[in-house]
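The block underneath contains the structure these notes are about, expressed in structure tokens.
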Amino acid sequence: MTPDMVAELLRQLMKEAMILAAPILIAAAVLSFVLSLLQTLFGALNSLIADYSSGTVDTTKAVSDTAALGTALNYVSQQRVIIDNSINQISASSQAVSSEQTQLTSAQTNLMQADVAQISTHLSLAETQQTALEDIISQLGSNSLFQKLQG
């Protein structure tokens, strides 16, 4: 297995890991959001209900609990922004993976449609040119090309 094949295999594995991890990340973010919502929001609502269900309302406590409810709602809004940003990042990653997959499919199609005889000819020509250059460099020895031109 060549290094290029190993690199390609690792790239494919990373893409698959990203594709598989995206739904898990979204589920974890949503679960975290729901749990935070339940703890914060319902805790504040419970306090408000307790304030008004006793028959006599302690205004100071009711105002404090209403402020806590407002704080809880602000927290929920902040968490929503964080989750929206995470979803946008996951969406961008998914689009990048899709684009990469399209490019790889296109490259694979080009390789499958390649003219083997023409590519073989070009490779042979390139190898011949490389051998000729190596011969010229070895003939020059320690002298540089500029010294040969001057002398």
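Some observations on this one:
- Enumeration of residues in region 105-121 that are in a helix (DSSP H, G or I) and either at pLDDT below 80 or touching a Leu at 6+ places or on another chain (Cβ under 8 Å) (or both): ALA107, GLN108, ASN110, LEU111, MET112
- Condition check for ASP84: surrounded by 12 or more Cβ atoms within 10 Å (Cβ to Cβ), among the acidic types (Asp, Glu) and in the same structural domain as SER98 (by TED's automatic domain parsing): no
- Residue check, VAL63 assigned by TED's automatic domain parsing to the domain that holds GLU16, among the aliphatic types (A, V, I, L, M), at pLDDT 80 or above and within 33 Å of the chain's Cα centre (by Cα): no
- Looking across region 64-81, the residues that are within 23 Å of ILE26 (Cβ to Cβ) and exposed (fewer than 12 other Cβ atoms within 10 Å of the Cβ) come down to SER77, GLN78, VAL81.
- Residue match in region 95-103 (condition: surrounded by 12 or more Cβ atoms within 10 Å (Cβ to Cβ), without any contact (Cβ under 8 Å) to a residue 24 or more places away in the chain and of a type outside the set (Phe, Trp, Tyr)): yes
- Scan of region 9-63 for residues that are among the polar types (S, T, N, Q) and exposed (fewer than 13 other Cβ atoms within 10 Å of the Cβ), ordered by number: GLN39, ASN46, SER53, SER54, THR56, THR59, THR60
- The residues listed here are ALA92, ALA67, ALA27, ALA44; of these, the one that is without any contact (Cβ under 8 Å) to a residue 40 or more places away in the chain, closer than 30 Å to GLN108 by Cβ and assigned to a helix (DSSP H, G or I) is ALA92.
- Failed criterion for LEU111 (all others in (1) surrounded by 10 or more Cβ atoms within 10 Å (Cβ to Cβ); (2) hydrophobic (A, V, I, L, M, F, W, C); (3) over 15 Å from MET18 (Cβ atoms) hold): (1)
The values are calculated or read from the model by the stated rules, or taken from the named source; none is laboratory data. Quantities reported herein were computed from a predicted structural model and do not represent experimental measurements. Cβ coordinates were reconstructed from backbone atoms using ideal geometry, including for glycine residues, and neighbour counts include every protein chain displayed.
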